[in-house]
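Trainee: For reference, the structure I am asking about is given below.
Values in this text are rule-based calculations from the coordinates and carry no lab data. Note that the structure is predicted; figures quoted are calculated from it, not measured. FYI the Cβ positions are ideal-geometry reconstructions off the backbone, even for glycines, and counts take in every protein chain you see.
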Amino acid sequence: DVYKRQVNRLPNYHFCTSQHSLTTFYADVVRLMAYKQQFCVNLRDRSLLFKPMMSVLDFQRQILSQFPDIYQISLYSDDLKEYAQTTPLAMIIEEDFVMKLNDDQYISVLSDVDDTPYTQVMTYALAEQPIFELCMRLGLSQKQVQVLGKFIMYLVNQIDQVKSQQIDAAYVQLAVRKVMLELANKAKNNVQKIDNKIFVLRQKKQMLEEIKADIHKELRAKSKRRLKWITSIMMFQIGIVQYGTYVALSWDIMEPITCLLGIFDLIIAYSFWLRHNNDFSLGNMNKMYIERTKGKYYKQDPTVDLNELEDINQMLEYLEDKKQLCLLYTSDAADDLLCVDLGGRRIIKKK
């Protein structure tokens, strides 16, 4: 915790070297997993483990030595500012980031999927801001604190840039207009990036669900054949009893045999109820067979991971919440962004 507080006090631009524009979709979107005292990024064909006390340079050396097919790896913030090699990973993993493998494989890593975006922001950078503490004292919700507090923080930073000690109301109105437009434009860009991530996750989810549906279809076909076999045995048992009673033998001989068969069937039904806590019927037998067997099929097929499907649903929910937060800042005015000159007393419209 002491180390995190020291890192949070450092300005982010000390760790950023350049800013890139992402023109292609993300190759993958994954979540950051905690593994003992390490963190893990699970890709489709490998897992990247690292310790939070490492720097970007240490992380690069470790990954390049472990995986010969990776010849280049870089880390970026979510707004695509590249982290310098001296940046501690403990700082990077506090928020969503982007990992670039080789030349063109961009992977978005979501840090705290279990928390809402409002809780995330409040936990780290915003917790020490007096503005947000004031908003919380006013009894506002986390969403209101996030939106209003961020706007006031941007506005205060904008006004602090003025060297003059006196600021008139017209200037404040222009500053408010500029901050609102900047936040709206930034939010629109964030929405586009979030939509790209959601698109990738929905594709992965669709692929996993199709594979899962194929497995269930195969299991239902096998279960149907199994039920036919069980039904044939039951009908054969009834036929033998009827034939022995009325044709081959007599009821005096078949009575104890029928009683033994009934006891045998009762033992089977009672055992089924004890094991599955459900009534003994063909429908329940079919259901239990599918539930018991599908785990083996999933293990045989490495492309199907139920935990991954659950992670995808959680990531989609997290990104949808984050998108809704961004939409709170957007407005129609952001479509016709104005350039506000705060140095003078005029507003220049860019057409």
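Trainee: Once label points are set 7 Å from the Cα along Cα→Cβ at both Arg61 and Leu327, what is their separation, rounded to one decimal in nm?
Mentor: For Arg61 paired with Leu327, the spin-label model returns 4.7 nm.
Trainee: Cβ neighbours within 10 Å, averaged per peptide: list 66-79, 308-321 in order, most packed at the top. Let's see the in-between values first.
Mentor: Values: 66-79: 14.9, 308-321: 16.5.
Peptide ranking by packing, descending: 308-321, 66-79.
Trainee: On to the next question. Can you list residues whose amide H is under 5 Å from Tyr26's amide H, if they're 5+ apart or on another chain and H is modeled 1.01 Å from N?
Mentor: none
Trainee: Report the extension gain between Glu209 and Asp265 in nm, rounded to one decimal, defined as 0.36 nm multiplied by the number of residues separating them, less their alpha carbon distance.
Mentor: Between Glu209 and Asp265, full extension yields an extra 16.3 nm.
Trainee: Could you order peptides 57-64, 35-42, 194-201 by the average number of other Cβ atoms within 10 Å of their residues, highest first?
Mentor: Values: 57-64: 15.9, 35-42: 14.0, 194-201: 18.4.
So the peptides 57-64, 35-42, 194-201, ranked by packing, come out 194-201, 57-64, 35-42.
Trainee: Modelling each spin label as a point 7 Å along the Cα-to-Cβ direction, I'd like the Glu182/Asn313 distance in nm, to one decimal.
Mentor: Going by the 7 Å Cα→Cβ label model, 4.2 nm.
Trainee: R0 = 41 Å: FRET efficiency of Leu43 with Ala170, Cβ-based, nearest 0.05?
Mentor: 0.15
Trainee: Same structure, new question: What distance in nm separates the two pseudo spin-label positions at Arg225 and Ile159, each 7 Å out from Cα along the beta-carbon direction?
Mentor: So the label points at Arg225 and Ile159 sit 7.7 nm apart.
Trainee: As an exercise, use a Förster radius of 35 Å and the Cβ-Cβ distance of Arg292 and Glu320 to find the FRET efficiency, rounded to the nearest 0.05.
Mentor: Between Arg292 and Glu320 the formula returns 0.50.
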